[in-house]
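Here's the structure, in structure tokens; my notes come after.
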Amino acid sequence: MPDQRPEQSAEQSPFDLAEGDPFGPYTLPYGVFSTADAPGLHRIGVRYGHHVLDLSALPSALPAVVPPPHAELLAAPTLNPLLAAGRTVWQEVRAAVRTAVTDPAHRTAVTPLLHPLAGVTLHLPFEVADYVDFYASEHHATNVGRIFRPNGAALPPNWKHLPIGYHGRSGTIFATGTPVVRPNGQRKAPDDAVPTFGPSTRLDIEAEVGFVVGTPSTLHEPVGLNGFRDHVFGVCLVNDWSARDIQAWEYVPLGPFLGKSFATSVSAWITPLDAFDEARTPPPARDFPLLPYLDDSATEAGGIDLRIEVRINGETVSRPPFSAMYWTAAQQLAHMTVNGASLRTGDLFASGTVSGPEPDQLGCLLELTQGKGPYLQDGDEVTLTAWAPGPDGARIGLGEVVGRVLPAPELGTEAAAGAAAPGREAP
């Protein structure tokens, strides 16, 4: 389901949304935008249909609707101050925004604050603190295990006892639309005597769902399952690009590193966690009893019925169901902090590749092609979209994630040697 839809006619009111528009009053995702007349001024906005509501101007336009203490938070150039303000403030601001766009009495005041989506530039909506990527789909983990270990166990022995994850790089998380440059690195095929250096030839996608932390936690104080709503602000789509040939050579024994760290794309819109209340669903049945800090049998349904679509060059190649994930986001957060690690405002943790049980529900090319390829070519464009069921038959949309592959940078003889030499940094 495309994020960018046909523009409304000039005569149509921005408040009159098309039937089934996934960015209606039940969604109201947050982002950061700028306009052509002030490109350096980044403002917080909320998407409503084909428009962006300027939240920085809303408190002065509707002081009786938006509590004045929140004006400073909404005037910030990123979402981070709002994220850090906590759940009570998140709910108050969300209620105020919904009133502003749905109450006809406010239309005169609100209309000047609505900018056509096609006329704004969207930016990375929050400053990313730390990034953690999980491996939470049993279908994905099993498929990959069978490809990499055809004669061994598909899942490692710990997989159904804890959510496996790894730390990524926050500095290479990019907003949708940012080109993805094919990475250089070491590759070694099984039959090669020695590794070679050059552009990845097995560039892949990973369709994932991300969770953005708002309220920080205290060092040495784990966040339990019931603390999930107090700390997680919202949900976004993620494409965690992967260089499979670089990854295959480097990942034993410590796991992903350069094969993952070159680019992670996220949507420009963060949909509040509360928007998915109607989409809550139980996770799949667990095969082993879980340790108490992961046992969610007595908590609210931890799964989310998100329907993802993956398109490459406009062609739909997969529709992964997020409801099939074995480990929930609440369990991932609990595991991430159980050792005493603290949360910071702007932390991002992602689900890992979302795959379902059917051949058309696989979230990466590695699975879709059984490891044989073809993989992404220069110039290919990948688009992720998703929606979830909402109240009264509405759809809750997630902002799309788009990335076009650019060729790897050319490295001369000296630069290539420098990339391999200790103590030197390639340009």
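The values are calculated or read from the model by the stated rules, or taken from the named source; none is laboratory data. Note that the structure is a prediction, hence the values are computed from the model and not measured. Backbone-built Cβ (ideal geometry, glycine too); neighbour counts: all protein chains shown. To get the accessible areas, we keep the full protein, side chains included, count just its heavy atoms, and leave off ligands, DNA and RNA. Shrake-Rupley method; radii C 1.70, N 1.55, O 1.52, S 1.80 Å.
Descriptive notes on the structure:
- Placed amide H near Ser318: partners under 5 Å, 5+ positions off or other chain: Val310
- Rounded to the nearest whole Hz, the Karplus-based 3J(HN,Hα) values (6.51 cos²θ - 1.76 cosθ + 1.60, θ = phi - 60°) of the stretch 113-127 follow the sequence 8, 9, 9, x, 4, 5, x, 10, 9, 9, 10, 4, x, 8, 7, with x at glycine and proline.
- Counting protein heavy atoms only, the chain has 55 percent of its accessible area on carbon and sulfur, 1.4 angstrom probe.
- Per residue, the stretch 103-261 exposes 45 Å² of solvent-accessible protein surface, assessed with a 1.4 angstrom probe and all protein chains in place.
- Cα gyration tensor shape for the stretch 182-295, rounded if a/c is under 1.5, else prolate or oblate: prolate
- Between Ile147 and Arg344, the modelled label-to-label distance comes to 3.3 nm, taking each label 7 Å out from Cα in the direction of the beta carbon.
- Cut-off 16 Å, label 7 Å out along Cα→Cβ of Phe197, residues of the stretch 234-259 by amide N: 246, 250, 258-259
- Value of Rg to Rh for the chain, rounded to two decimals, is 0.98; Kirkwood radius and Rg both from alpha-carbon coordinates.
- Gyration tensor verdict on the stretch 118-222 (Cα atoms; rounded if a/c is under 1.5, prolate if a/b is larger than b/c, oblate otherwise): oblate
- For the stretch 209-364, the relative contact order comes to 33 percent (Cα pairs under 8 Å, sequence separation of at least 6).
- For the stretch 51-63, 3J(HN,Hα) per residue [Karplus equation, 6.51 cos²θ - 1.76 cosθ + 1.60, θ = phi - 60°, Hz, x = Gly/Pro]: 10, 10, 8, 6, 6, 5, 9, 5, x, 6, 6, 9, x
- Under-5 Å amide H pairs with Gly224, H placed in peptide plane, nonlocal only: none
- Rounded to whole Å, sorted largest first: equivalent-ellipsoid semi-axes of the stretch 1-136, Cα gyration tensor: 23, 20, 16
- The chain: relative contact order as a whole-number percent, Cα under 8 Å and 6+ apart: 21 percent
- Couplings for the stretch 151-156, taken from phi via the Karplus curve 6.51 cos²θ - 1.76 cosθ + 1.60 with θ = phi - 60°, read 9, x, 5, 5, 9, x Hz in order; Gly and Pro are left as x.
- The stretch 6-67, relative contact order [Cα under 8 Å, separation at least 6], %: 25 percent
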